[in-house]
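Undergrad: Structure incoming, see below.
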Amino acid sequence: MIRNNLVVSLVLAALALSAASLSARAGDRAQVPERLTWNLADLYPNDAAWTQAKDALQKRLPEMAPYKGHLGDSAQMLYGGLSTVSGMDKDLARLMSYASQLADQDTQVSKSQEMVQGIEQVAAQFGAAVAFVRPEILAIDPQKVDGFVAQEPRLKDYKPYLDNILRMKAHTLDPAGEKLMAQANGQMAGSAEAIYSIFTNADLPYPKDVKLSSGEVIPLLDAAAYTKYRASNNRADRDLVFKAFWGRFDEFKRTLGTSLYSEVKAHMFNKDARHYGSSLQASLDRNNIPTTVYKQLISDVHANLPTLHRYLKLRQRMMGVEQLRYEDLYASIVKDVDLPFTPEQAMDLTLKACAPLGKAYVDDLKKGYETRWVDFMPSKGKKSGAYSNGAAYDVHPYQLLNFMGGYDDVSTLAHESGHSMHSFLSNKNQPYITADYSIFVAEVASTLNENLLLDYMLKNEAKDDATKLFLLGTHLDALRQTLFRQVLFAEFEMKMHEMAESGESLTGDNLTKLYLSLLKEYYGDKDGICKVNDLYGVEWAYIPHFYMNFYVYQYATSMVASSSIANAIREEAAAKKPGTKARDAYIQMLSSGSSRYPIDLLKGAGVDMTTSAPFNAAMKEMNTVMDEIQAILDKKKA
Ligand SMILES: [Zn+2]
């Protein structure tokens, strides 16, 4: 497809339940009330109608043939070619949505899986039929393209799409070179990740029997088990779990280092072949993000390490330990509060929390809930996790949830509703070709709603200090993980590429050395704020995101941007700065799809990601949260 707008929820800390434990508690789909299921009939009334539409699309594929080799002939030919591709792509996205969502609601139904395979075949044929479009556009002189746009007004909608292709001209090879690149990437690009994945999922001999202080013997067979036991409330057990788990990774650091080095070498190959100055630049250029944004983020974090250290000291106080250690960071610092919610309450809270975004936003979302955008309940065979899918341009967005009734489930609804409304507004206001949006802005829309929800809960629903502490503590941990842990990852990623680009080989040993030095610096080991055992320097080997080519920094930039925008909107709503300027600018961003570049879209919404201002605002928020927690703790003591 020429666009890609399925936003799968970014899994940060919220790995709630594994699919297995979920389905053990889940009932039959047939028992779920209809109002809590999504209405796929809005896409196609039934499977037969879907099949008919799929066959019709397949028959239309040859319509592209007359444009091949002629896109640069005239404005009419260019418009004809682009509108034909775009029209077919739109139908394909709708067909894909129906089949994949049908398959996701019950993965055990083989007919749905066959439908997915069927439409994937059509997608592959479509891809082959339109593969010439991009290279042909690149071959046209940019001035000639501008002339075409001036001549044919209907081409105006396609201008951002054309510009985005043409700006890559300097990094595009001749047709033979591009063919070779496609072959090289197709054959080899995923190899390192595939090896890493199979090794860590299937072959790595994880510790089978860690004996806890209670006498219980537990297996640490995967990341899910590690994630569970590292949060143990018993310090001696956390110690055991960390040593056993990282000890095992340490034994295999040579293999894992070689694997990661191979991934980095693939990035370097791309950088060299496409004439970029660095792998970082090559990666960020895909979304036209300047490398200064990345570097700014890292230097902002360094300048704000005292805020992280304040957090660590607060954690030390709340845990009542003399010396905080790295293995103490996942134990809960606040008591879990049982806050059960029904789906109706979750919708109601999300709508109320979104009030600062204006009546129109709330009304549209409410209507979406009422007309069954959302598939709420877990059931046997349903796909785990959560996502929003806004690909069906002419219909409406959909959400898949696995709602269990906790606060994190309400938060997930708010998050996915942020994505859905982003899709809804962009689809409504943009032509198809620019209705899609990039990840860099996508997670702003979702985390902003989480931010509004938390604020609403604290002001209106948290009746006692225990609930307040729970909400604040949960938020504080999310800020710590996103703004510091993820940026540490981002810095490690940048530095390992720099090492390799300057000719140094990457090995398990020097990757561990680099990672450990960052851990010690971030967590204030030297000053005794949080002690980091040298063994934990191998943590890099556990992070699959390092195979995603400079991806993780966007977790941090999204949260920084959304925190900044949410704050501005709240100030307006509280009439500190009367008006609706911040809100209007934000709704405008949500309505703009990819008609502008991500950095410009955010600038329009009031955040300049090339400066320190948004990060500083997020730090202010984090410090305010800590002030509030401290005030509650001091009150308790008094
Ligand atoms: Zn998301």
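The values are calculated or read from the model by the stated rules, or taken from the named source; none is laboratory data. Given the structure is predicted, the values throughout are model-derived calculations rather than measurements. When we count neighbours, we look across all protein chains shown, and the Cβ atoms used for this are built from the backbone with ideal geometry, even at glycine.
Undergrad: S388: touching a His at 6+ places or on another chain (Cβ under 6 Å) and either within 15 Å of the ligand (Cβ to nearest atom) or assigned to a loop (DSSP other than H, G, I, E, B) (or both), yes or no?
TA: Against the criterion (touching a His at 6+ places or on another chain (Cβ under 6 Å) and either within 15 Å of the ligand (Cβ to nearest atom) or assigned to a loop (DSSP other than H, G, I, E, B) (or both)), S388 qualifies.
Undergrad: Show the residue pairs that are 6+ apart or on different chains and have beta-carbon atoms under 8 Å apart, the first residue being within the stretch 189-211 and without any contact (Cβ under 8 Å) to a residue 12 or more places away in the chain and more than 22 Å from L506 (Cβ to Cβ), the second being surrounded by 14 or more Cβ atoms within 10 Å (Cβ to Cβ) and not acidic (D, E).
TA: Correct list of pairs: D209/I218.
Condition check ((1) surrounded by fewer than 24 Cβ atoms within 10 Å (Cβ to Cβ); (2) more than 20 Å from the chain's Cα centre (by Cα); (3) acidic (D, E); (4) assigned to a helix (DSSP H, G or I)) across all residues:
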{"residue": "A541", "(1), (2), (3), (4)": "no, yes, no, yes"}
{"residue": "Y551", "(1), (2), (3), (4)": "yes, no, no, no"}
{"residue": "A556", "(1), (2), (3), (4)": "no, no, no, yes"}
{"residue": "M559", "(1), (2), (3), (4)": "no, no, no, yes"}
{"residue": "I565", "(1), (2), (3), (4)": "no, no, no, yes"}
{"residue": "R570", "(1), (2), (3), (4)": "yes, yes, no, yes"}
{"residue": "A585", "(1), (2), (3), (4)": "yes, yes, no, yes"}
{"residue": "Q588", "(1), (2), (3), (4)": "yes, yes, no, yes"}
{"residue": "S592", "(1), (2), (3), (4)": "yes, no, no, no"}
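Undergrad: Name the pairs whose Cβ atoms lie under 7 Å apart, with the first residue in the stretch 425-450 and farther than 17 Å from Y597 by Cα and in contact (Cβ under 8 Å) with a residue 12 or more places away in the chain, the second surrounded by 20 or more Cβ atoms within 10 Å (Cβ to Cβ) and of a type in the set (S, T, N, Q), and 6 or more positions between them or separate chains?
TA: Every condition considered, the pairs that remain are T447/S558; T447/S562; L448/S562; N449/S417; E450/S411.
Undergrad: Say we look at the stretch 372-385 and pick out the residues that are in a strand (DSSP E or B) and not charged (D, E, K, R); which of these is nearest to the ligand (Cβ to nearest atom)?
TA: The selected residue is V374.
Undergrad: Looking only at residues in the stretch 120-136 that are of a type in the set (A, V, I, L, M) and exposed (fewer than 14 other Cβ atoms within 10 Å of the Cβ), which one is farthest from M77 (Cα to Cα)?
TA: Among those residues, the one meeting the criterion is A124.
Undergrad: Quick one: which helices (runs of 4 or more DSSP H) lie wholly within the stretch 81-158 and hold at least 3 residues that are among the charged types (D, E, K, R)?
TA: 110-129
Undergrad: Provide a single number: the residues in the stretch 159-174 that are assigned to a helix (DSSP H, G or I) and either more than 14 Å from E136 (Cβ to Cβ) or among the hydroxyl-bearing types (S, T, Y) (or both).
TA: Here the count works out to 7.
Undergrad: Evaluate the stretch 53-63: report whether one residue or more is loosely packed, with under 13 Cβ neighbours inside 10 Å, part of a loop (DSSP other than H, G, I, E, B) and modelled with pLDDT of 95 or more.
TA: There is no residue in the stretch 53-63 that is loosely packed, with under 13 Cβ neighbours inside 10 Å, part of a loop (DSSP other than H, G, I, E, B) and modelled with pLDDT of 95 or more.
Undergrad: Could I ask something else about it? List the number of the failed condition for K463; all other conditions in (1) touching a Ser or Thr at 6+ places or on another chain (Cβ under 6 Å); (2) more than 16 Å from the ligand (Cβ to nearest atom); (3) outside any helix (DSSP H, G or I) hold.
TA: The single condition K463 does not satisfy is (1).
Undergrad: Of the residues that sit in the stretch 269-326 and are basic (K, R) and over 30 Å from D634 (Cα atoms), which one is nearest to the chain's Cα centre (by Cα)?
TA: Only one residue fits best here, namely R286.
Undergrad: Within the group Y407, Y432, which residue is aromatic (F, W, Y) and within 22 Å of V374 (Cα to Cα)?
TA: Y407
Undergrad: In the stretch 215-252, what count of residues is obtained for those that are more than 21 Å from Q323 (Cβ to Cβ) and not in a helix (DSSP H, G or I)? Give the derivation first.
TA: First, the residues of the stretch 215-252 that are more than 21 Å from Q323 (Cβ to Cβ): 215-229, 244-245, 247-252.
Checking the rest, the ones that are also not in a helix (DSSP H, G or I) come to 215-222, 252.
Residues flagged as more than 21 Å from Q323 (Cβ to Cβ) and not in a helix (DSSP H, G or I) within the stretch 215-252 amount to 9.
Undergrad: Can you pull out the residues in the stretch 275-291 that are touching a residue at least 24 places away in the same chain (Cβ under 8 Å), surrounded by fewer than 18 Cβ atoms within 10 Å (Cβ to Cβ) and assigned to a loop (DSSP other than H, G, I, E, B)?
TA: Scanning the stretch 275-291 gives H275, S278, N288, P290.
Undergrad: Among residues belonging to the stretch 320-336 that are among the acidic types (D, E) and surrounded by fewer than 18 Cβ atoms within 10 Å (Cβ to Cβ), point out the one that is nearest to Y522 (Cα to Cα).
TA: E322
Undergrad: Could you list, in sequence order, the residues of the stretch 436-451 that are over 9 Å from the mean Cα position of the chain (by Cα) and either within 11 Å of the ligand (Cβ to nearest atom) or part of a helix (DSSP H, G or I) (or both)?
TA: Going through the stretch 436-451, the residues over 9 Å from the mean Cα position of the chain (by Cα) turn out to be 436-438, 441, 444-451.
If the condition is that a residue be over 9 Å from the mean Cα position of the chain (by Cα) and either within 11 Å of the ligand (Cβ to nearest atom) or part of a helix (DSSP H, G or I) (or both), then V441, V444, A445, S446, T447, L448, N449, E450, N451 are the ones that fit.
Undergrad: Pull out all pairs, ordered by first then second residue, where Cβ-Cβ is under 6 Å, the residues are six or more apart or on different chains, the first lies in the stretch 147-168 and is surrounded by 15 or more Cβ atoms within 10 Å (Cβ to Cβ), and the second is polar (S, T, N, Q).
TA: Listed by first residue and then by second, the contacts come to P160/T434; P160/S595.
Undergrad: From the list L471, L413, exactly one residue is buried (at least 19 other Cβ atoms within 10 Å of the Cβ), at pLDDT below 95 and either part of a helix (DSSP H, G or I) or within 13 Å of the ligand (Cβ to nearest atom) (or both). Which is it?
TA: Step by step, each of L471, L413 is checked, and only L471 is buried (at least 19 other Cβ atoms within 10 Å of the Cβ), at pLDDT below 95 and either part of a helix (DSSP H, G or I) or within 13 Å of the ligand (Cβ to nearest atom) (or both).
Undergrad: For the stretch 290-312, name all the residues that are under 26 Å from E450 (Cβ atoms) and among the charged types (D, E, K, R).
TA: Those that are under 26 Å from E450 (Cβ atoms) and among the charged types (D, E, K, R): D300, R310.
Undergrad: Here's another thing I want to ask about it. Of the conditions (1) over 30 Å from S423 (Cβ atoms); (2) modelled with pLDDT of 95 or more, Y330 satisfies every one except a single condition; which number is it?
TA: Exception for Y330: condition (2).
Undergrad: I've got another one for you. Any residue that is over 30 Å from H267 (Cβ atoms) and either touching a Lys or Arg at 6+ places or on another chain (Cβ under 7 Å) or part of a helix (DSSP H, G or I) (or both) - is there at least one of those in the stretch 200-214?
TA: Within the stretch 200-214 (the criterion being over 30 Å from H267 (Cβ atoms) and either touching a Lys or Arg at 6+ places or on another chain (Cβ under 7 Å) or part of a helix (DSSP H, G or I) (or both)), the answer is yes, since at least one residue qualifies.
Undergrad: Check H396, H419 and return the single one that is closer than 23 Å to Y586 by Cβ, within 15 Å of the ligand (Cβ to nearest atom), at pLDDT 95 or above and not aliphatic (A, V, I, L, M).
TA: Just one listed residue meets the conditions, H419.
Undergrad: Right, here's the next one. Within the set of pairs 6 or more residues apart or between chains, which connect a residue that is on the phi < 0 side of the Ramachandran plot and crowded, with 24+ Cβ neighbours inside 10 Å inside the stretch 384-399 to a residue that is in a strand (DSSP E or B) and among the charged types (D, E, K, R) with Cβ atoms less than 7 Å apart?
TA: What qualifies is Q399/D375.
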